[in-house]
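Every number here is computed from the coordinates shown, using simple stated rules; none is lab data. Keep in mind the model is a prediction, meaning the values are calculated, not measured. Cβ placement follows ideal geometry from the backbone for every residue including glycine, while neighbour counts extend to all protein chains displayed.
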Amino acid sequence: MNEIFERIADGLADPGYVVVDNFLSPSEVDAVLATDDFRNSLTQFKKAGIGKSQERQINDTIRGDYIQWLDKATAEAPLQLYLNRLQELIDYLNPALYLSLKDYEVHLATYPVGAFYKRHLDQFRRDDRRKLSVICYLNKDWQDSDGGQLRMYLGDTTLDILPEAGRLVCFRSDQIEHEVLAANRERMSITGWLLDKI
């Protein structure tokens, strides 16, 4: 994984984001999709909200995904492997980029057909712990016609990224606005943030 970690560090240093394929192998993706959590995602995940704590609200005109937060202590083995890999990434990035990342928070996400998430930043107004956003996609055989791209706003340009299985996108949580375009099939990911405070 060191070669992938090095590519992530280089991309974060400049231009502030990176897209790497095969962060999870095809067999690792299959194992995650076979977990009880993902097999029952549309019935067990909770409707995602916007905002934090008392400000949190459900608003389908802004966000339509369903999520389930992961607990490090109880995550099934395929998900634990992914969490361990995130910890390894933190251990690599801290000395490589002089960061002080200390923890992570991760949820599983599924977007039903037609669901989207309007343009936003991942860092809350009153909580700046989220430093890096990390999204790993789980969608096998995804095509352009399936939609569901992650659109990143990069100054005067945009970059659309297909949510292909095993692909990891990592970017600065406080700087890069982004949105999820509506998809024509169910869209799944493991979405998280690397934090500088526990």
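Can you tell me the length gained on complete extension of the stretch Q175 to S25, counting 0.36 nm per residue apart and subtracting the Cα distance?
Going from the current span to full extension adds 51.1 nm.
Listed values for segment 130-141 are Karplus-derived 3J(HN,Hα) couplings in whole Hz (6.51 cos²θ - 1.76 cosθ + 1.60, θ = phi - 60°), namely 6, 9, 10, 8, 9, 10, 10, 8, 10, 9, 6, 6, and x replaces Gly and Pro.
Which order do H107, H178, H120 fall in if you start with the one that has the fewest other Cβ atoms within 10 Å?
H120, H107, H178
Once fully extended, how much extra length lies between K140 and N94, figured as 0.36 nm per residue of separation less the alpha-carbon to alpha-carbon distance? Display every interim value, and only then the final one.
Values: separation 46, 0.36 × 46 = 16.56 nm, distance 3.19 nm.
Gain in length upon complete extension: 13.4 nm.
If you plug the beta carbon distance of R39 and W69 into 1/(1 + (r/R0)^6) with R0 = 22 Å, you get a FRET efficiency near 0.80.
Taking every C-alpha pair closer than 8 Å and separated by at least 6 residues, the mean separation divided by the residue count of the chain gives a relative contact order of 28 percent.
Can you show me the helix-derived [θ] at 222 nm for the chain, built from DSSP H runs with n ≥ 4 at -39,500 (n - 2.57) apiece and divided by the number of residues, rounded to the nearest 500.
On the way: 5 runs with 49 residues, N = 198.
Computed mean residue ellipticity for the chain: -7000 deg cm²/dmol.
Spin-label model, N184 to N2: label points 7 Å out along the Cα-to-beta-carbon direction sit 4.4 nm apart.
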